[in-house]
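Colleague: If you scroll down you'll find the structure; I have some questions about it.
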Amino acid sequence: MSVLSGLDWSEVRAHYDERVGVHKELLNLLKSGPTDRFAKLLLGISDPNGNYSAAEHGLGPKILSSNRNAPPRVADLAARFRLVSKAREVPPLIHAADLSYLAIGVGSEASCMMNPKVCWVANTRSIWTHLVIKHADDVEKANEELKLYRDTNPSSEMAYAIWTEIHRLLETSMTRVAEDGARLAARDGVKAGVITFLWADAISSALYAQYHG
């Protein structure tokens, strides 16, 4: 996948390692930590590495302030993510949680941070990367189609349906990104991440940043 060739694989690996560290911290907090600390990390408030989708748009504080008993409800949703065996279970869980401002972008990233061997991230970065693959590395076409996902009202049922469908499609593209990234990283003498969907997310983040600043 030529569009990945220009990435700094040492930086990608460093990002991956940071995310793995936060993943482990989240698991520990879910078992023993106060739900406030857990929720703030999972929503990217105390550390953006916990959830870039939430942190970039300031959604974490809105989720906590707009929903009754938000921290335990967020923790309960996260615990459910830990139990899923197929990522297609994630969108219905997010919908059923009925947490304002917590849609599939934030929710899928939370699911990946809790259960990264099964769940992938469906946010702006990963969707854009998927679209770049779909359009044979045509960045402009990917930018145009991305508007469909960014411009819809995230709280609408139509947006839920659109994001649910793109979430389903990302399994194949994120697996491919991880595999291509492993090959290119090895070429540069960098060891690839072993957790497929966190590795793919680190690659997607780096690629998106390269083209969008």
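Colleague: Return only the number of the condition from (1) under 23 Å from residue 3 (Cα atoms); (2) without any contact (Cβ under 8 Å) to a residue 60 or more places away in the chain that residue 132 does not satisfy.
Modeller: The one condition residue 132 does not meet is (2).
Colleague: Quick check on my filter: what residues within region 11-41 are touching an Asp or Glu at 6+ places or on another chain (Cβ under 8 Å) and more than 15 Å from residue 197 (Cβ to Cβ)?
Modeller: Selection gives 41 alone.
Colleague: Which one is nearest to residue 209 (Cα to Cα) among residues in region 36-59 that are out of contact with any Lys or Arg (no Cβ under 8 Å at 6 or more places or on another chain) and surrounded by fewer than 19 Cβ atoms within 10 Å (Cβ to Cβ)?
Modeller: Here the residue is 56.
Colleague: Output yes when any residue across region 182-200 is free of Cβ contacts under 8 Å to residues at least 60 places away in the same chain, surrounded by fewer than 17 Cβ atoms within 10 Å (Cβ to Cβ) and among the basic types (Lys, Arg), and no when none is.
Modeller: Yes, region 182-200 contains at least one residue that is free of Cβ contacts under 8 Å to residues at least 60 places away in the same chain, surrounded by fewer than 17 Cβ atoms within 10 Å (Cβ to Cβ) and among the basic types (Lys, Arg).
Colleague: Can you name every one of the helices (runs of 4 or more DSSP H) wholly within region 1-117 that holds 1 or more residues which are among the small types (Gly, Ala, Ser) and modelled with pLDDT under 95?
Modeller: 9-32, 52-56, 104-114
Colleague: Looking at 211, 149, 160, which one is without any contact (Cβ under 8 Å) to a residue 40 or more places away in the chain and either hydroxyl-bearing (Ser, Thr, Tyr) or at positive phi (or both)?
Modeller: Testing whether each residue is without any contact (Cβ under 8 Å) to a residue 40 or more places away in the chain and either hydroxyl-bearing (Ser, Thr, Tyr) or at positive phi (or both) leaves just 149.
Colleague: Now a separate question. Which of the residues belonging to region 118-141 are in a loop (DSSP other than H, G, I, E, B), touching a Phe, Trp or Tyr at 6+ places or on another chain (Cβ under 9 Å) and either of a type in the set (D, E, K, R) or surrounded by fewer than 24 Cβ atoms within 10 Å (Cβ to Cβ) (or both)?
Modeller: Residue satisfying the conditions is 118 alone.
Colleague: Same structure, new question: What pairs come out if I take residues in region 1-30 that are touching a residue at least 60 places away in the same chain (Cβ under 8 Å) and farther than 24 Å from residue 173 by Cβ and pair them with residues that are of a type outside the set (A, V, I, L, M, F, W, C) and part of a helix (DSSP H, G or I) whose C-beta lies under 9 Å away, six or more apart or interchain?
Modeller: Hits for this filter: 26/50; 27/82; 30/82.
Colleague: Now a separate question. Quick one: residue 203 ticks every box in (1) assigned to a helix (DSSP H, G or I); (2) among the β-branched types (Val, Ile, Thr); (3) more than 22 Å from residue 147 (Cα to Cα) bar one, so which box is it?
Modeller: (3)
The values are calculated or read from the model by the stated rules, or taken from the named source; none is laboratory data. Quantities reported herein were computed from a predicted structural model and do not represent experimental measurements. Here the Cβ is made from the backbone with ideal geometry for all residues, glycine too, and neighbour counts use every protein chain on show.
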